[in-house]
Amino acid sequence: MRPFGNPKTLEKRRLKAVTLLNQGLLPGEIARRLGADRRSVHRWLLAYRTDGVNGLAPVPAPGRPPKLSLKNRQKLGRMLLKGAGTFGYSTDVWTSTRVVDLIRRHFRVAYHANHVSRLLRSLGFSPQKRHPVLS
């Protein structure tokens, strides 16, 4: 399980382990002081011996690559600014379903309507709420 803390905090923890080792402490004692597993301390020390300080640097967590390239996401943003009516919808209001349909038709990529909000947020769009009287 990943320990609590941001990448910079966790890197400082690993550097502290090396400092404690250089002060003569054993890995078991270092683990106890830092609240880490002894095996983790051994792994950090091996990384330090192999790659120096760079071996203790945070490594970005891998994730699923985006379905749309950066170029296509930017193009989608420009398309959305033109309004839904430009693409054949009866009103200029974009709904999740309409955005999913637009992406499927123009980029041949499938998104689920529940997940398109993340994509829109990454493009700088925010959800708009309907006025209760107008709904």
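General remarks:
- Condition check for Leu25: assigned to a loop (DSSP other than H, G, I, E, B), of a type outside the set (Lys, Arg) and more than 22 Å from the chain's Cα centre (by Cα): yes
- Check on Ala31, under 24 Å from Pro3 (Cα atoms), in the same structural domain as Lys12 (by TED's automatic domain parsing) and touching an Asp or Glu at 6+ places or on another chain (Cβ under 8 Å): yes
- Residue satisfying all of: in segment 61-80; surrounded by fewer than 14 Cβ atoms within 10 Å (Cβ to Cβ) and either touching a helix residue (DSSP H, G or I) at 6+ places or on another chain (Cβ under 8 Å) or charged (D, E, K, R) (or both); nearest to Pro127 (Cα to Cα) among these: Arg78
- Any hit, segment 25-48, residues being basic (Lys, Arg), free of Cβ contacts under 8 Å to residues at least 40 places away in the same chain and loosely packed, with under 11 Cβ neighbours inside 10 Å: yes
- Residues (more than 11 Å from Val116 (Cβ to Cβ) and in a loop (DSSP other than H, G, I, E, B)) located in segment 69-104: Ser69, Lys82, Gly83, Gly88, Tyr89, Ser90, Thr91, Asp92, Val93
- Residues that are within 19 Å of the chain's Cα centre (by Cα), under 26 Å from Gly5 (Cα atoms) and of a type in the set (A, V, I, L, M, F, W, C) were ranked within segment 55-100; the one that is modelled with the lowest pLDDT is Ala61.
The values are calculated or read from the model by the stated rules, or taken from the named source; none is laboratory data. Please read these numbers as outputs of a predicted model, since none were measured by experiment. Counting neighbours? That spans all protein chains shown, and the Cβs are built from the backbone with ideal geometry, glycine included.
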